[in-house]
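Note sheet for the following structure.
The values are calculated or read from the model by the stated rules, or taken from the named source; none is laboratory data. Just so it is clear, the structure is predicted and the values come from calculations on it, not from any experiment. Glycine also receives a Cβ, built like all others from the backbone with ideal geometry; neighbour counts cover every protein chain displayed. Heads up: the accessible areas ignore ligands, DNA and RNA and are worked out on the full protein's heavy atoms, side chains in. Shrake-Rupley method; radii C 1.70, N 1.55, O 1.52, S 1.80 Å.
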Amino acid sequence: MAAPDDPGSPWAIGDASGGHTAIHPALGTLADFDRVVRVAGAHGLEIALDLAYQTSPDHPWVTAHPEWFRWRPDGTIQYAENPPKRYQDIYPFHFENEGWQALWAALRDVVVFWAEHGVRIFRVDNPHTKPFAFWNG
C-alpha cells in the first residue's frame with residue numbers, strides 16, 4: 001500500500017495534472033520534451049516511449065470515463081494483480097466494456113499524439129494482456 005509521498009509504480013500512468021499525453025510538471029513541459037527530441041535527433045538518436053495502457057487511481061480518465069474500468073461489487077475499481085503481487089496503484093483498462101470503441105480510439109490517439117511530437121519507437125507494457133483485436137484494429 002503506497003503512502004501519499006511514495007512515487008508508486010512507474011507504470012501507474014497519470015495524476016491530477018494529466019494522463020497519457022501529459023508531461024509531469026516535475027519533469028518539465030511539452031516544449032522541453034520537444035526540445036529533447038530535436039537535440040537527440042541532431043545527434044542521430046531517437047526517443048522511445050514506454051506505452052503503458054493502464055492508469056493510476058488519480059488519472060483523469062478514472063473520473064471522466066469510469067466505464068473504461070472493471071468495478072468490484074464493493075464499488076472500488078479492480079486494480080492490477082499478478083499473484084502474489086498486488087499493484088494497488090495500477091488500474092487496468094476493461095477493453096471489452098460497453099464503450100470499448102471510445103476507449104480504443106483514445107488509446108490510439110495516445111500514440112498519434114506522441115508521434116506528432118517525434119516519437120517513432122514504442123515499447124508496449126504487457127501487450128499480451130490486451131485483446132488481439134485491439135492490436136489488429
Can you list residues whose amide H is under 5 Å from Gln54's amide H, if they're 5+ apart or on another chain and H is modeled 1.01 Å from N?
Ile13
Order the following by accessible area, largest value first: Thr21, Thr63. Probe radius 1.4 Å; ligands, DNA and RNA are ignored.
Thr63, Thr21
Calculate the spin-label point distance for Lys85 paired with Val36, positioning each point 7 Å from the Cα along the beta-carbon direction, and give it in nanometres.
2.3
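Dividing the Cα radius of gyration by the Kirkwood radius, what Rg/Rh value follows for the stretch 1-48?
Numbers: Rg = 13.8 Å, Rh = 12.7 Å.
Reported Rg/Rh, Kirkwood definition of Rh: 1.09.
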Taking the dipole about the Cα centre of the stretch 1-134, with the C-beta of Lys and Arg at +1 and of Asp and Glu at -1, give me whichever of Pro127, Gly14, Tyr79 is farthest to the positive side.
Pro127
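Accessible area per residue, 1.4 Å probe, Å², for the chain: what's the number?
It amounts to 64 Å² per residue over the chain.
Quick one: dipole size for the stretch 1-131, taken about the Cα centre, charges +1 on Lys/Arg Cβ and -1 on Asp/Glu Cβ, in debye to the nearest 20.
Values: 10 positive and 17 negative charges, 71 e Å.
Dipole size: approximately 340 debye.
Quick one: Cα convex hull volume of the stretch 40-137, Å³ per residue? Working shown, then result.
Numbers: hull volume 13.2 nm³, N = 98.
So the per-residue hull volume is 134 Å³.
Given C-alpha coordinates of the stretch 1-94, what is the ratio Rg to Rh with the Kirkwood estimate of Rh?
Details: Rg = 15.8 Å, Rh = 15.0 Å.
With Rh from the inverse mean 1/r over Cα pairs, Rg/Rh is 1.06.
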Using amide H atoms built in the peptide plane, which far-off residues or other-chain residues are under 5 Å from Gly18 H to H?
none
